[in-house]
Amino acid sequence: MNTSDVHSLVSTVDELIFSYTGEHLDDLQQAILEGSLDYQKYAEIAKNTHRSEKYIKDVAGKLWQTISTALGEEVKKTNIKSSLTRYNKSNFSNYNVVNSVQIYRDNICTNLPENELKQPKAYQEAILEAIP
């Protein structure tokens, strides 16, 4: 995995953790994640971060548990790439492009006149149900 891919996945995890806990990854968590994505053993990550292997394993265990809870699936060092790939694919499916304006989830760009904005049918039906 190249360096930009690793940084992209670390950024994705940081955003995920922040949205779940309100806190960003710290430097050690980032190093553990980067090392894991580069197939490093905990001993090597420990050496690179000047920590004990036991401490790295403890921090990594808590990190995998937090990511698991946020993603709703068991995540560990051996499946972190596949879990993040599934997460990225599911997030990508939440994107829509309307008249060359990118819309993400519920954030609608107001560059278009309101009558030109296209909304999903489910959203329109929900509005109709909410109107007495």
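Just a few scattered comments:
- Failed criterion for residue 67 (all others in (1) within 20 Å of residue 81 (Cβ to Cβ); (2) outside any helix (DSSP H, G or I) hold): (2)
- Residue 53 of a type in the set (Asp, Glu) and either surrounded by fewer than 13 Cβ atoms within 10 Å (Cβ to Cβ) or out of contact with any Phe, Trp or Tyr (no Cβ under 6 Å at 6 or more places or on another chain) (or both): no
- When each of 68, 4 is tested for being modelled with pLDDT under 95, of a type in the set (Ser, Thr, Tyr), exposed (fewer than 13 other Cβ atoms within 10 Å of the Cβ) and within 25 Å of residue 90 (Cβ to Cβ), the lone residue that passes is 4.
- Close pairs from the stretch 61-79: first under 16 Å from residue 10 (Cα atoms) and free of Cβ contacts under 8 Å to residues at least 40 places away in the same chain, partner surrounded by fewer than 14 Cβ atoms within 10 Å (Cβ to Cβ) and of a type in the set (Asp, Glu), Cβ under 8 Å, at least 6 apart: 68/74
- Within the stretch 34-46, considering residues that are within 20 Å of the chain's Cα centre (by Cα) and not in a helix (DSSP H, G or I), the one surrounded by the most Cβ atoms within 10 Å (Cβ to Cβ): 38
- Within the stretch 47-64, the set of residues being in a helix (DSSP H, G or I), in contact with a helix residue (DSSP H, G or I) (Cβ under 9 Å, 6 or more places away or on another chain) and of a type in the set (Gly, Ala, Ser) comprises 60 only.
The values are calculated or read from the model by the stated rules, or taken from the named source; none is laboratory data. Since this is a predicted model, take the numbers as computed values, not measurements. Glycine also receives a Cβ, built like all others from the backbone with ideal geometry; neighbour counts cover every protein chain displayed.
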